[in-house]
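Here the structure is laid out as structure tokens; the discussion comes afterwards.
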Amino acid sequence: MTLDALIAGVGAWFATALPDHGIYALMAFAFIAGLARGFSGFGAALIFIPLGGAIVGPKLISPILLVIDGIAALGMIPSAWRGANRPEVFVMAAGAALGVPAGTAMLALLDPMLLRWSITIIAICLLALLVSGWRYYGEASAPLTSGIGLIAGLFSGAAQLGGPPVVVYWLGGKSDFTRVRANVVLYFSISSVFSAISYYVGGLFVPAVFALTAVILPSYAVGLYGGSKLFGLAEERTFRIACYILIAAAAIIGMPLLDSVLR
């Protein structure tokens, strides 16, 4: 095969795999989601899934986020490994190993419109939990930690929304925000492997996932890098409020009733 034929074949594949609308919007949403993720260690799904799902559907947007975040966040793992409470992270990941496949089954089998409404409602409820300031201040234990991992894994498998339960649990402990962030980053690097296996078995890695990943990944990576640089520079409270506002806007705009806004 000649180079020209190869280029033509790749171009034809992209033309077939990519949606006919919303690509620039997806790139913008990915940048904002990456900014939140890079700063706090979570939040990308709460922004990207409702908004992106309104454009390409939940069964496509969840594996897209899994792939772009898995690739772009590789650089965050070494520092997270050094700063995290690794035994506790591994216990939580053990719970996620059970929850992720169940959540993936829901993603593969549920009606897309029902799933989108469920994602919107879950995102709003999780945001309300975060904004309320409620934290778990009890003693950590292996059964409780793995149970939180099970719930987070279920949300991750269904919609990559496993961050808030994990963050609420760890913020209530004695660890500072730096340790919590490291725990979250390391946990999701492990749970993402479980999600990738489950999504593959569930047949969710269709060609459009990889075509859109190639287009969206640079925007997400730039946002992730910018957010990582902001961590430690901006005041935690100020940026956290900004993330909450972005998440709330994403949940509202991503509702099926407002599809015309994004299309």
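The values are calculated or read from the model by the stated rules, or taken from the named source; none is laboratory data. Bear in mind that the values here come from a model prediction, so they are computed numbers and not experimental data. Cβ: placed from backbone, ideal geometry, glycine included. Neighbour counts: every protein chain shown. Just the protein is used for accessible areas: all its heavy atoms, side chains included, with ligands, DNA and RNA removed. Shrake-Rupley method; radii C 1.70, N 1.55, O 1.52, S 1.80 Å.
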Pairs needed: first member in region 129-153, under 27 Å from Ala248 (Cα atoms); second member anywhere, modelled with pLDDT of 75 or more and part of a loop (DSSP other than H, G, I, E, B); C-beta distance under 6 Å; at least 6 residues apart or different chains. Ala152/Gly162
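Within region 81-105, track down each residue that is open to solvent by 20 Å² or more (accessible area, probe 1.4 Å) and either under 24 Å from Ala248 (Cα atoms) or among the aromatic types (Phe, Trp, Tyr) (or both). Let's see the steps before the verdict.
Initial filter on region 81-105 (open to solvent by 20 Å² or more (accessible area, probe 1.4 Å)): 81-83, 85-88, 90-91, 94, 97-98, 101-102, 105.
Those that are open to solvent by 20 Å² or more (accessible area, probe 1.4 Å) and either under 24 Å from Ala248 (Cα atoms) or among the aromatic types (Phe, Trp, Tyr) (or both): Trp81, Phe90.
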All positions within region 21-75 that are among the basic types (Lys, Arg) and farther than 25 Å from Leu186 by Cβ: Lys59
Could you tell me whether region 50-58 includes any residue that is modelled with pLDDT of 85 or more, aliphatic (A, V, I, L, M), out of contact with any helix residue (DSSP H, G or I) (no Cβ under 6 Å at 6 or more places or on another chain) and in a helix (DSSP H, G or I)? yes
Before we move on, is Leu98 out of contact with any Pro (no Cβ under 6 Å at 6 or more places or on another chain) and not hydroxyl-bearing (Ser, Thr, Tyr)? yes
Could you grab the pairs with beta carbons closer than 9 Å, sequence gap of 6+ or different chains, first residue in region 5-34 and surrounded by 16 or more Cβ atoms within 10 Å (Cβ to Cβ) and outside any helix (DSSP H, G or I), second one at pLDDT below 70 and of a type in the set (D, E, K, R)? Gly22/Arg263
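Of all residues in region 199-226, how many are part of a helix (DSSP H, G or I) and open to solvent by 50 Å² or more (accessible area, probe 1.4 Å)?
Of the residues in that region, 8 qualify.
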Residue that is nearest to Ala105 (Cα to Cα), among those in region 186-198 that are crowded, with 23+ Cβ neighbours inside 10 Å and of a type outside the set (Gly, Ala, Ser): Phe188
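In this structure, is Ile64 at pLDDT 90 or above and crowded, with 18+ Cβ neighbours inside 10 Å? I'd like the intermediate steps shown before the answer.
Values: at pLDDT 90 or above: yes; crowded, with 18+ Cβ neighbours inside 10 Å: yes.
In short, yes.
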